[in-house]
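One structure below.
The values are calculated or read from the model by the stated rules, or taken from the named source; none is laboratory data. Every value quoted in this text rests on a predicted model; they were computed, and no experiment measured them. Reconstructed Cβ throughout: ideal geometry from the backbone, glycine too, with neighbour counts over all protein chains shown. The area values use the complete protein model at the heavy-atom level, side chains included, leaving out ligands, DNA and RNA. Shrake-Rupley method; radii C 1.70, N 1.55, O 1.52, S 1.80 Å.
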Amino acid sequence: MDRKDVKRQIKNYIKPVKKFLDCSKKNRQKLYSIMEDSAREYLEHTSNAESSTLKEYWGDPVSFVKNFMDTLEPQERGIATRTKKKILIFSILSLAVILLLAIYLLFYHASSNITLVYWDVY
């Protein structure tokens, strides 16, 4: 099993429980490297190992991820959620400002006799 196949198996293993993996990208990469090393070691010592046996070796994905999250320091947990919330709030505020600006320009233009764009077509 080559390196790309091992990484694909790790991603497939983590995908259903990714929502529980609430940490920084650095810590996610750390988890992936730990799992990759673990998978390589397992595949080297097991003669007839296949990719399907990796799931059996690692066990339940939910408990695996929760155990990893328990090893992190408290301030490291929840970083991803806080970042996502900040991005969401910024996006909503930006959209509200753009919408208010568009409404203001629409009503301002409708109440004035100013032509914003003048096309002279011959």
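What the table shows:
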quantity: Inter-residue pairs, beta-carbon under 7 Å, first under 16 Å from Ser38 (Cα atoms) and in contact (Cβ under 8 Å) with a residue 24 or more places away in the chain and in the range 10-27, second loosely packed, with under 15 Cβ neighbours inside 10 Å and β-branched (Val, Ile, Thr), 6+ apart; calculated: none
quantity: Qualifying helices (runs of 4 or more DSSP H) (wholly inside the range 21-122; at least 2 residues being over 25 Å from Arg8 (Cα atoms) and at pLDDT 80 or above); calculated: 79-111
quantity: Single residue of Ile87, Ile34 found to be of a type in the set (Val, Ile, Thr) and open to solvent by less than 100 Å² (accessible area, probe 1.4 Å); calculated: Ile34
quantity: Single condition Lys15 does not satisfy, out of (1) open to solvent by 100 Å² or more (accessible area, probe 1.4 Å); (2) at pLDDT below 80; (3) not in a helix (DSSP H, G or I); calculated: (3)
